[in-house]
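Read through the structure below, which is laid out as structure tokens, and then see the notes.
The values are calculated or read from the model by the stated rules, or taken from the named source; none is laboratory data. Being a predicted model, the structure only gives us computed values, none of them experimental. Here the Cβ positions follow ideal geometry from the backbone for every residue, glycine too, while neighbour counts run over all protein chains shown.
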Amino acid sequence: MASYLRSFAERASEVVFDQFGGRFHDLGPENIEESLSEEAQALYHEVFQDVDCSRIIDYHVHLVGQETERTGCYCHPSLLEGNNVLQRFKANCFLSAMNVKRDDSDEAYLERLMALCENGCPPRLVERDGGHWRMCGLALDYAHDTSGDANPGRTSLHIPNDYSYDVACKRHTSFIPTCSIHPYRADAVTELKRCRDRGVRLIKWLPNSQDLNPASAQCDAFYDAVREMDMVILSHTGDEHSLTAGSVENSYGNPLLLKRALDRGCKIIMAHCASEGTFLDLEANEPERSRRIPGVDLMIRMMSRPEYEGLLFADISAVIGTLRAKHLKTILSAEHIHDRLVYGSDYPVPAINVVSSTKQLWILGLITWKDAQLLNEIYRFNPLVYDFAVKRKLSFEGHRFPVTVFQEHPKLIMTHWRKNAPGKN
Ligand SMILES: [Zn+2]
């Protein structure tokens, strides 16, 4: 009886997590073409028709793992066990969105991601273009203190640089390797060079959860090395709510803090267009300086400066989230920055049911009611395609994201890395 009750309780909680997390069709992403209704199929083809599938790059896909001894990936203990109800709840919603179980190996998540990616573009168009889209699989360094030591207790998720690289080497048709290096590390520049020598170009930062102040003078030597090696920092901007188990300092998400890197000539991609949260206007004098301004406005202010042309970019990952969607009209209307936007999904985030709502996008007047229904149909088969399709369909007073956003940016080429991989050409 006790075991019956336990399994009933487990099943009931799974249903709840699936409600918040993922709720995917058992048929799987490989059956999307024949299983969608005729109208949804037409929309699915339409969003890929004018894109070169072989040049689609998702600049923002999270690698996730927990098998520290085997793969080096690390999750904060409060996400896996213990009494922190909020963190455990979040972790379970993420597991459901990722379509994996608590005890699955780290490969299970990769297999799911590969299935979504390989079955993303319609096969006919993959054949036409000679390839399908690729994903930058993000590494994530530990939080570090100002003396340069890693602090696992303040870290929510750690994905080693070697893990991202190995994943990409083994699955090079889908993944592009990245690195994540905390600039306070004593070996930061050495590690940067090691990654650069392997052909890695993208450096992921999540300052809010890494105890990393991008405006600190401690970053300067790192910034100079990034510029000299022509690498690119993809830095989270705006508030952070997902990775908060270790530590979180949202003032580090202020886009203005990245001026220090830009003024030293570094290339920066501001993740999420800083679409969540408000920040101090650090450029103003008092009393304006104490006023809080939406991050997205600060992002556009910086992107509008001629001196940052060719250096500053932004990704549109997570911008359709329920807490961020209210800023979509601003981003869609700012056509003068569209040539510097790149596509990102922030997967697994768009696979969380409660994070994105087509109903909300319809209420905001950004998609039609009909398309909202068809996009929901696509979501159940492939949340990665859903994210792509929604962003292709968004429209506000005639403003849309141009097709160039969804393809590799000529100034942010990431696909040459295999030239440097051992034994590859
Ligand atoms: Zn992210």
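Do the conditions hold for Ser242, that is, is it closer than 27 Å to Met414 by Cα, modelled with pLDDT under 95 and either within 16 Å of the ligand (Cβ to nearest atom) or surrounded by fewer than 24 Cβ atoms within 10 Å (Cβ to Cβ) (or both)? Show your work before the answer.
Values: closer than 27 Å to Met414 by Cα: yes; modelled with pLDDT under 95: yes; either within 16 Å of the ligand (Cβ to nearest atom) or surrounded by fewer than 24 Cβ atoms within 10 Å (Cβ to Cβ) (or both): yes.
Considered against the rule, which asks whether it is closer than 27 Å to Met414 by Cα, modelled with pLDDT under 95 and either within 16 Å of the ligand (Cβ to nearest atom) or surrounded by fewer than 24 Cβ atoms within 10 Å (Cβ to Cβ) (or both), Ser242 comes out as yes.
Which ranges mark the strands (runs of 3 or more DSSP E) fully within region 253-299 that have 2 or more residues being within 16 Å of the ligand (Cβ to nearest atom) and either at pLDDT 95 or above or under 25 Å from the mean Cα position of the chain (by Cα) (or both)? Full working, then the answer.
Numbers: elements: 267-271, 278-280, 292-294.
Because the criterion is at least 2 residues that are within 16 Å of the ligand (Cβ to nearest atom) and either at pLDDT 95 or above or under 25 Å from the mean Cα position of the chain (by Cα) (or both), the strands (runs of 3 or more DSSP E) in region 253-299 that meet it are 267-271.
What is the number of the single condition among (1) in a loop (DSSP other than H, G, I, E, B); (2) within 30 Å of Ala40 (Cα to Cα) that Glu111 does not meet?
Unmet for Glu111, out of (1) in a loop (DSSP other than H, G, I, E, B); (2) within 30 Å of Ala40 (Cα to Cα): (1).
For region 60-78, check the following and say yes or no: at least one residue is surrounded by fewer than 18 Cβ atoms within 10 Å (Cβ to Cβ), at pLDDT below 75 and over 21 Å from the mean Cα position of the chain (by Cα).
No, because not a single residue in region 60-78 is surrounded by fewer than 18 Cβ atoms within 10 Å (Cβ to Cβ), at pLDDT below 75 and over 21 Å from the mean Cα position of the chain (by Cα).
Looking only at region 136-145, count every residue that is in a loop (DSSP other than H, G, I, E, B) and touching a helix residue (DSSP H, G or I) at 6+ places or on another chain (Cβ under 7 Å) and tell me the total.
Matching residues across region 136-145 total 4.
For region 313-323, enumerate the residues that are within 14 Å of Asp387 (Cα to Cα) and either at pLDDT 95 or above or surrounded by 18 or more Cβ atoms within 10 Å (Cβ to Cβ) (or both). Walk me through it before giving the result.
First, pick out the residues of region 313-323 that are within 14 Å of Asp387 (Cα to Cα): 315-322.
Passing the criteria: Asp315, Ile316, Ser317, Ala318, Val319, Ile320, Gly321.
Just checking, how many residues over region 96-135 are in contact with a helix residue (DSSP H, G or I) (Cβ under 7 Å, 6 or more places away or on another chain), touching a residue at least 24 places away in the same chain (Cβ under 8 Å) and of a type in the set (A, V, I, L, M)?
Adding up the residues that qualify gives 8.
Out of the residues in region 9-35 that are surrounded by 19 or more Cβ atoms within 10 Å (Cβ to Cβ) and part of a loop (DSSP other than H, G, I, E, B), state the one that is modelled with the highest pLDDT.
Among those that are surrounded by 19 or more Cβ atoms within 10 Å (Cβ to Cβ) and part of a loop (DSSP other than H, G, I, E, B), it is Phe24.
I need the full set of residues from region 400-417 which are at pLDDT below 95 and either outside any helix (DSSP H, G or I) or touching a Phe, Trp or Tyr at 6+ places or on another chain (Cβ under 6 Å) (or both), in order please.
The first filter runs over region 400-417 and keeps only residues at pLDDT below 95, leaving 415-417.
Result: Thr415, His416.
Considering only region 254-306, state which residues are free of Cβ contacts under 8 Å to residues at least 24 places away in the same chain and touching a helix residue (DSSP H, G or I) at 6+ places or on another chain (Cβ under 8 Å).
Thr278
Could you tell me whether any residue of region 357-379 is under 17 Å from the mean Cα position of the chain (by Cα), in contact (Cβ under 8 Å) with a residue 12 or more places away in the chain and buried (at least 19 other Cβ atoms within 10 Å of the Cβ)?
Taking region 357-379 first, the residues under 17 Å from the mean Cα position of the chain (by Cα) are none.
No: zero hits.
Looking at this structure, is Arg128 away from the ligand (no atom under 16 Å from the Cβ), at pLDDT below 95 and either touching a Pro at 6+ places or on another chain (Cβ under 7 Å) or under 30 Å from His45 (Cβ atoms) (or both)? Please lay out each step first, then the result.
Values: away from the ligand (no atom under 16 Å from the Cβ): yes; at pLDDT below 95: no; either touching a Pro at 6+ places or on another chain (Cβ under 7 Å) or under 30 Å from His45 (Cβ atoms) (or both): yes.
Spelling it out, it is not the case that Arg128 is away from the ligand (no atom under 16 Å from the Cβ), at pLDDT below 95 and either touching a Pro at 6+ places or on another chain (Cβ under 7 Å) or under 30 Å from His45 (Cβ atoms) (or both).
Filter region 183-234 for residues that are touching a Leu at 6+ places or on another chain (Cβ under 6 Å) and in a loop (DSSP other than H, G, I, E, B); which is surrounded by the fewest Cβ atoms within 10 Å (Cβ to Cβ)?
Here the residue is Ala215.
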